[in-house]
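One structure is given here, and the rest of the page talks about it.
Each value in this text was obtained by applying a stated rule to the coordinates, not by laboratory testing. Worth saying up front: this structure is predicted, and the values here are computed from it rather than measured. In this analysis, Cβ positions are derived from the backbone assuming ideal geometry, glycine residues included, and neighbour counts consider all displayed protein chains.
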Amino acid sequence: MVPDVHLSDYLRVLRAWKWWITLASVTGAGIGVCVALWMSPVYRAEAVIFPVATGGGSGMALADRLGGMFPGFGVSAGNNTSRQQVAILTSRAFTVRVIEHYHLLPELFPDRWDAATKTWRDGVEPTQWQAYRRMRQARSVEEDRKTGLFTVAIEWQDPNLAARWVDLHIRALNHDLQQQAIASSEKIIADLTEQANQTGNVDMRAALFRLIESETKRGVLARVSDEYAFGVIDPPVAPDRKVRPNRKLIVLLGTGTGFGGMTFAAFFAEYLASSRQRRHLAAGAATPVSRV
């Protein structure tokens, strides 16, 4: 039969164990403070970017025009959507290229870099894979499907470095896509010129030269545009508040863990003591009384 348990029983246990519970709570809070102070602060810098209307490249626009004017015309054009273009940011090849071009290895591995001697403390330079994995852990790219905007963010111990890295990623992405568009435009112009020189149809030659003129203008625009594929709505700035650790939350968790753990131990110990007492009483009641 399960004995009745009243609120007074719980209060009695808490009073009996109050000093142990207090000690565990204080200890938990102390451990939480130590952990919170030991953890390095991390800051999040981010930028909001949007796809520029002309950033899709000249190839797709040219293919659309050729498809309407001359069905089956044999010009191949790439079609990179904004989502695919942004995905370049997270690729290994692009990440390594950014790290190497802007010499970010010492900033990525400050614990291994000796700034005074400009050498690696262990004499071994981090590999490309190590650099890529560290940058990948710090970087994130999020898309708002409702607005079509993208958020590029870096979380790092140094807020100024975090903001600078976000800016470098966006600059490098625009530059790479710009160079690809220029190269594509030059190839298209060369292909169209060859087609125009080979055809004897006067109307087709005129149409091809109009396309060459239009493509030449697109190439010039690609060369002079700083924000070729993506414009910046909200540029990255060094944050003034850290995103983690949340020291108050860590201390509260430590205090709650100490309090909850010792409270559970108190009730469990009282339960074991009550169980032993009931077994002793039951054993005494079952022992027959000897008659003289």
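Below is a table of values for the structure above.
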quantity	calculated
Extension gain, ARG276 back to VAL220 (0.36 nm per residue minus Cα-Cα distance, nm)	11.1 nm
At q = 0.12, 0.14, 0.29 Å⁻¹, base-10 log of I(q)/I(0) for segment 221-273 (Debye sum, equal scatterers on each alpha carbon)	-0.59, -0.66, -1.05
Cα convex hull of segment 44-243, projected area averaged across orientations, nm²	14.5 nm²
Inter-site label distance for LEU252 and PHE264 at 7 Å from Cα along Cβ, in nm	2.0 nm
Alpha carbon Rg of segment 127-208, scaled by the compact-globule rule 2.2 N^0.38 Å	1.84
Those trypsin sites (Lys or Arg not before Pro) in segment 158-197 that DSSP places in a loop and that have at most 15 other beta carbons within 10 Å	none
Simple label model, 7 Å out from Cα along Cβ direction - ALA190 to SER40, nm	4.7 nm
Residue-span extension gain [TRP20 to ARG210] - 0.36 nm each, minus C-alpha spacing	59.6 nm
Segment ALA116-GLU100, extension gain: residue separation times 0.36 nm, minus the distance between their alpha carbons	3.7 nm
Relative compactness, segment 100-139, computed as alpha-carbon Rg over 2.2 N^0.38 Å	1.13
Hull-based mean projected area of segment 182-270, where the convex hull spans the alpha carbons, in square nanometres	13.2 nm²
Residues THR263, THR95, THR147, THR90, sorted so that the one with the fewest Cβ neighbours within 10 Å comes first	THR147, THR90, THR263, THR95
